[in-house]
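The values are calculated or read from the model by the stated rules, or taken from the named source; none is laboratory data. Just so we're clear, the structure is a prediction, and the values are computed from it rather than from any experiment. Methodologically, a virtual Cβ is constructed for each residue, glycine included, from the backbone with ideal geometry; neighbour enumeration extends over all protein chains shown. Ligands, DNA and RNA are excluded from the accessible area calculation, which covers all protein heavy atoms including side chains. Shrake-Rupley method; radii C 1.70, N 1.55, O 1.52, S 1.80 Å.
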Amino acid sequence: MNQAWDKEIDVLVVGSGAGGMLSALVAAKNHADVLIIEKEALWGGTSATSGAGIWIPASDQAAAAGFHDNVEDAFKYVRALSADNVPDENIRAYVTNASKMLRWMGDNTEIDYHAFPYPDYHAENPGGSPTGYRTHMPLPIDGKRLGKDVRTLRFASPAASLFGYLNWHFDETYLLLFRGPGWFWHLTKSLARYWLDWPFRFTSRKDRRLTLGNALAGGLRLALNEQNVPLWLRTSLEELILEDGKVVGARVNHQGQPLRIRARKGVVLAAGGFDKNQAMRNAHAPLYPSAQYSGGTSGNTGDAIRAGQAAGADTMNMQSAWAAPVFYVPGEDRGRLCTIERALPGCIMVNQSGKRYLNEAASYHVVGQQMARQQRDHGDASPSWFVFDHTYRHNYPVGPLYPLVPDWAQNGMVKTILKKGRTIAELAGEMGVDTAPFEATIARFNSHAAKGEDPDFHRGAAAYDKMYGDPRVSPNPCLRPLNKGPFYAMPIYPGDIGTNGGLRTDPLARVIAADGKPVEGLYAIGNSAASAMGESYPGAGVTIGPALTFGYIAANHLTGSNQE
């Protein structure tokens, strides 16, 4: 006998990250009755903590910037990098619909994305773009317009905010990083704006100038509020409900109350991966064993993936993750992504034997994969050491370290992980590595770096390497000898920014069962679905870009729209 429904709607979206919110917005604009549920007390998911870059081939914005892209080049580029088990049709659905999604989002929200000259991570490959303009970044949004909802918006990651609370935009990166003309006045104005936001500032640590992931999440929430789409916090998915093999709803726990919710048109699973589920990592992703070092948010525990499996769904590439090198500050709930620091001149990374083993300036995914494989094969890379000299220390930020803040004034937890020595030999002792090979590594690196060369790992040769190099340093913006003491080292770990294997889907984002047929009424996007990128990372924004695009596709399909 069928039980009664506690609530009936058209579309249930599980998860409040960018992909889920856009999917809900598209469905609402297509006249569907939509509900979003989020199991955490904060909304925005990992998207809100991110840089919010999206990789969109052949966009209107790129064309306006003078870059005339085409989807065939983008398809060729991704196809060669992605896993063999990812269908051509899924990749083509993404590269074909991404620009349509971005155009729709621009027309239906206040989010303003611009194309940036950000090289693809493997720009030298066929179809790659060494000049960029496939990666897009959002402009800031005034969070005051969110009213009370801004209080429950998830904070930006410490790696994407200044001093852990001041939001900054991608355009400000180079001004502050290299302390260009006007940098101090700009920083002073930003700090004054934050601290003078009274009385809000005294009841919340949030910066209401929303940038990066906060701008994307905030802009989507503004549009959802205009459509009166409810977002229930502290509401977890417990089980999908099936009738005759079709997903017709879900059993949820809403703030301690069990509810049965009917979804007449479908359920969209957008609840992230299993970043913080240690048991699932142990079972599926042994190359990336640490939930602690993942940059994912605490709610990413694989609930949606497991619910899909219980409903008969197949999975794919569960061994995969968006790999990344991370700093870890004791007491924090996640690793801090290391993106910029590795490409700047005057630093190297070494293993526990004091030897280099990779090109530090490669994309964080490539470096993270190499670190993970080094640890698996040799057991000497977790942690590795990020090594730099006095000049670097006082010119650039390093994870939680700020260049103008003296060592003695650093946060207490930071001081527990920072190693320092007047000489390379003294630093080796602090790090616990053998002095002779470490000194030999530094000497070899220095002799070549002085000429702008890296014959061992070719740092600074690829277009992407130079993206975060220091343009004031020549002939190679990524290389300079480490020759001025004192010398420093911080542990750096093989981590990730999320898992990216999950439920197997088709080009319409429909979840596929083990028999190869769609599970009717069920869709999955973002890290709840197996990525169309396979185990690769073609460029900045191939995490959120596909999440948004397949969310757009799913919502249009389940509401019967033609997607145009």
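Has segment 193-211 got any residue that is in contact with a Leu (Cβ under 8 Å, 6 or more places away or on another chain) and part of a helix (DSSP H, G or I)?
The answer is yes, given that some residue of segment 193-211 is in contact with a Leu (Cβ under 8 Å, 6 or more places away or on another chain) and part of a helix (DSSP H, G or I).
Which one is surrounded by the fewest Cβ atoms within 10 Å (Cβ to Cβ) among residues in segment 313-328 that are farther than 12 Å from ASN527 by Cα and aromatic (Phe, Trp, Tyr)?
Checked segment 313-328; the qualifying residue surrounded by the fewest Cβ atoms within 10 Å (Cβ to Cβ) is TYR328.
Restricting attention to helices (runs of 4 or more DSSP H) lying wholly within segment 1-84, give those where 1 or more residues are closer than 16 Å to ALA223 by Cβ and open to solvent by less than 10 Å² (accessible area, probe 1.4 Å).
18-29, 45-49
Could you go through segment 535-555 and let me know if any residue there is at pLDDT 95 or above and more than 22 Å from the chain's Cα centre (by Cα).
Checked against the condition, which is being at pLDDT 95 or above and more than 22 Å from the chain's Cα centre (by Cα), segment 535-555 yields at least one hit.
Going by the conditions given, is VAL268 at pLDDT 95 or above, outside any helix (DSSP H, G or I) and closer than 16 Å to ALA524 by Cα?
Details: at pLDDT 95 or above: yes; outside any helix (DSSP H, G or I): yes; closer than 16 Å to ALA524 by Cα: yes.
The answer is yes for VAL268.
Identify, from the list ALA361, ALA381, ALA372, the residue that is in contact (Cβ under 8 Å) with a residue 24 or more places away in the chain, touching a helix residue (DSSP H, G or I) at 6+ places or on another chain (Cβ under 7 Å) and closer than 20 Å to ALA291 by Cα.
Exactly one of ALA361, ALA381, ALA372 is in contact (Cβ under 8 Å) with a residue 24 or more places away in the chain, touching a helix residue (DSSP H, G or I) at 6+ places or on another chain (Cβ under 7 Å) and closer than 20 Å to ALA291 by Cα, namely ALA381.
ASP244: out of contact with any strand residue (DSSP E or B) (no Cβ under 8 Å at 6 or more places or on another chain), acidic (Asp, Glu) and either surrounded by fewer than 24 Cβ atoms within 10 Å (Cβ to Cβ) or closer than 30 Å to LEU166 by Cβ (or both), yes or no?
yes
Please state which one of ALA310, ALA285 is open to solvent by 10 Å² or more (accessible area, probe 1.4 Å), touching a residue at least 24 places away in the same chain (Cβ under 8 Å) and either out of contact with any His (no Cβ under 6 Å at 6 or more places or on another chain) or of a type in the set (Gly, Ala, Ser) (or both).
ALA310
I'm trying to understand the selection: among the residues of segment 159-189, which are under 27 Å from the mean Cα position of the chain (by Cα), among the small types (Gly, Ala, Ser) and either at pLDDT 85 or above or part of a loop (DSSP other than H, G, I, E, B) (or both)?
Across segment 159-189, the qualifying residue is only GLY164.
Anything in segment 476-507 that is among the aliphatic types (A, V, I, L, M) and touching a strand residue (DSSP E or B) at 6+ places or on another chain (Cβ under 9 Å)? List them, or say none.
Residues satisfying the conditions are LEU482, ALA489, MET490, ILE492, ILE497, LEU503.
Considering segment 439-462 alone, what residues qualify as being open to solvent by less than 40 Å² (accessible area, probe 1.4 Å) and out of contact with any Asp or Glu (no Cβ under 7 Å at 6 or more places or on another chain)?
THR441, ILE442, PHE445, ASN446, ALA449, GLY452, ASP454 - these are the residues of segment 439-462 that are open to solvent by less than 40 Å² (accessible area, probe 1.4 Å) and out of contact with any Asp or Glu (no Cβ under 7 Å at 6 or more places or on another chain).
Conditions (1) touching a residue at least 60 places away in the same chain (Cβ under 8 Å); (2) under 17 Å from PRO486 (Cα atoms); (3) in contact with a strand residue (DSSP E or B) (Cβ under 7 Å, 6 or more places away or on another chain), marked per residue:
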position	(1), (2), (3)
HIS394	no, yes, no
PRO397	yes, yes, no
LEU404	no, yes, no
TRP408	no, yes, no
VAL414	yes, no, yes
ALA428	yes, yes, no
ALA436	no, no, no
PHE445	yes, no, yes
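Mind listing whichever residues of segment 288-307 are open to solvent by less than 40 Å² (accessible area, probe 1.4 Å) and in a helix (DSSP H, G or I)?
The answer is ASP303, ALA304, ILE305, ALA307.
Restricting to segment 334-383, name every residue that is among the basic types (Lys, Arg) and farther than 23 Å from ASN446 by Cβ. Can you show your working first?
Filtering segment 334-383 down to residues among the basic types (Lys, Arg) leaves 334, 336, 342, 355-356, 373, 376.
Listed by number, the residues that qualify are ARG334, ARG336, ARG373, ARG376.
Under 21 Å from the mean Cα position of the chain (by Cα), closer than 30 Å to SER561 by Cβ and buried (at least 17 other Cβ atoms within 10 Å of the Cβ): which single residue out of ALA217, ALA223 fits that description?
Unique residue meeting the criteria: ALA217.
For the condition of a type in the set (S, T, N, Q), free of Cβ contacts under 8 Å to residues at least 40 places away in the same chain and open to solvent by less than 50 Å² (accessible area, probe 1.4 Å), what is the one hit in SER161, SER190?
SER190
What single numbered condition from (1) free of Cβ contacts under 8 Å to residues at least 12 places away in the same chain; (2) within 20 Å of SER528 (Cα to Cα); (3) acidic (Asp, Glu) fails to hold for GLU38?
For GLU38, the exception is condition (1).
Would you say ASN108 is of a type in the set (S, T, N, Q), under 19 Å from GLY539 (Cα atoms), open to solvent by 10 Å² or more (accessible area, probe 1.4 Å) and out of contact with any strand residue (DSSP E or B) (no Cβ under 9 Å at 6 or more places or on another chain)?
So ASN108 does not fit the description; no.
Somewhere in segment 12-23, is a residue modelled with pLDDT under 95, closer than 23 Å to ASP149 by Cα and within 20 Å of the chain's Cα centre (by Cα)?
no
For segment 131-140: of the residues being modelled with pLDDT of 95 or more and out of contact with any His (no Cβ under 9 Å at 6 or more places or on another chain), which is most open to solvent (accessible area, probe 1.4 Å)?
TYR133
Any residue that is of a type in the set (Gly, Ala, Ser), over 29 Å from GLY44 (Cα atoms) and out of contact with any helix residue (DSSP H, G or I) (no Cβ under 8 Å at 6 or more places or on another chain) - is there at least one of those in segment 317-336?
Looking for residues that are of a type in the set (Gly, Ala, Ser), over 29 Å from GLY44 (Cα atoms) and out of contact with any helix residue (DSSP H, G or I) (no Cβ under 8 Å at 6 or more places or on another chain), one finds none in segment 317-336, hence no.
Only one of these conditions is not met by ALA250: (1) in contact (Cβ under 8 Å) with a residue 12 or more places away in the chain; (2) more than 24 Å from ALA18 (Cα to Cα). Which number is it?
ALA250 satisfies all of (1) in contact (Cβ under 8 Å) with a residue 12 or more places away in the chain; (2) more than 24 Å from ALA18 (Cα to Cα) except (2).
Within segment 329-421, considering only strands (runs of 3 or more DSSP E) that don't extend past its boundaries, which have at least 1 residues that are of a type in the set (Gly, Ala, Ser) and open to solvent by 10 Å² or more (accessible area, probe 1.4 Å)?
none
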